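The values are calculated or read from the model by the stated rules, or taken from the named source; none is laboratory data. Just so it is clear, the structure is predicted and the values come from calculations on it, not from any experiment. Cβ coordinates were reconstructed from backbone atoms using ideal geometry, including for glycine residues, and neighbour counts include every protein chain displayed. Ligands, DNA and RNA are stripped out before the accessible areas are found, and what is left, the full protein with its side chains, is counted by its heavy atoms. Shrake-Rupley method; radii C 1.70, N 1.55, O 1.52, S 1.80 Å.
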Amino acid sequence: MTIIVGLTGGIASGKTTVVKFLKKKRFAIHDSDAVVKKIYIKPSPSFIKFLKRIKLGNAINGLKINKAVIRDEIFNNLSKRRKLEKHIHIEVKKSRDRFLKKHKKSKIVLLDIPLLFENKLEKICDYT
């Protein structure tokens, strides 16, 4: 049985330092922030289509996403923000589920989730 450890904390709490240390020790770590970063750096056709559907198409320039445009658009538009957050959380969950399936025979894995408690994800962890 795989032990799942949730790693969380506020800004400048040392998460990145801990993750770097544990990666050197060859622990399997799923980094939620890295998944989100990848979504924006290499957007899938479905993500581009989604942005257009929620009227954020002006943030798309070729195959690049201008996060500043998105930030400005969703800052005062709660509906767009919630739709975008929901979509991103679904994509991160898919990635996390693939990671856990891939490492199901590992003794221990770590999930680096900045909003672990806020999103009630502590329930999928054995330890936090």
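Quick notes on this one:
- Qualifying residue in the stretch 9-25 (condition: under 30 Å from residue 127 (Cα atoms), over 14 Å from the mean Cα position of the chain (by Cα), among the β-branched types (Val, Ile, Thr) and not in a helix (DSSP H, G or I)): yes
- The residue pairs whose first member lies in the stretch 28-44 and is closer than 13 Å to residue 98 by Cβ, whose second member is open to solvent by 30 Å² or more (accessible area, probe 1.4 Å) and not β-branched (Val, Ile, Thr), and whose beta carbons are closer than 6 Å, counting only pairs six or more residues apart or on different chains, are 28/103; 28/106.
- Test set (1) open to solvent by 70 Å² or more (accessible area, probe 1.4 Å); (2) more than 15 Å from the chain's Cα centre (by Cα); (3) closer than 28 Å to residue 72 by Cβ - residue 37 fails condition number: (2)
- If the condition is being within 18 Å of residue 105 (Cβ to Cβ) and surrounded by fewer than 15 Cβ atoms within 10 Å (Cβ to Cβ), then the stretch 1-24 contributes 1, 2, 3.
- All conditions but one from (1) at pLDDT 95 or above; (2) surrounded by 15 or more Cβ atoms within 10 Å (Cβ to Cβ) apply to residue 53; the one that does not is (2).
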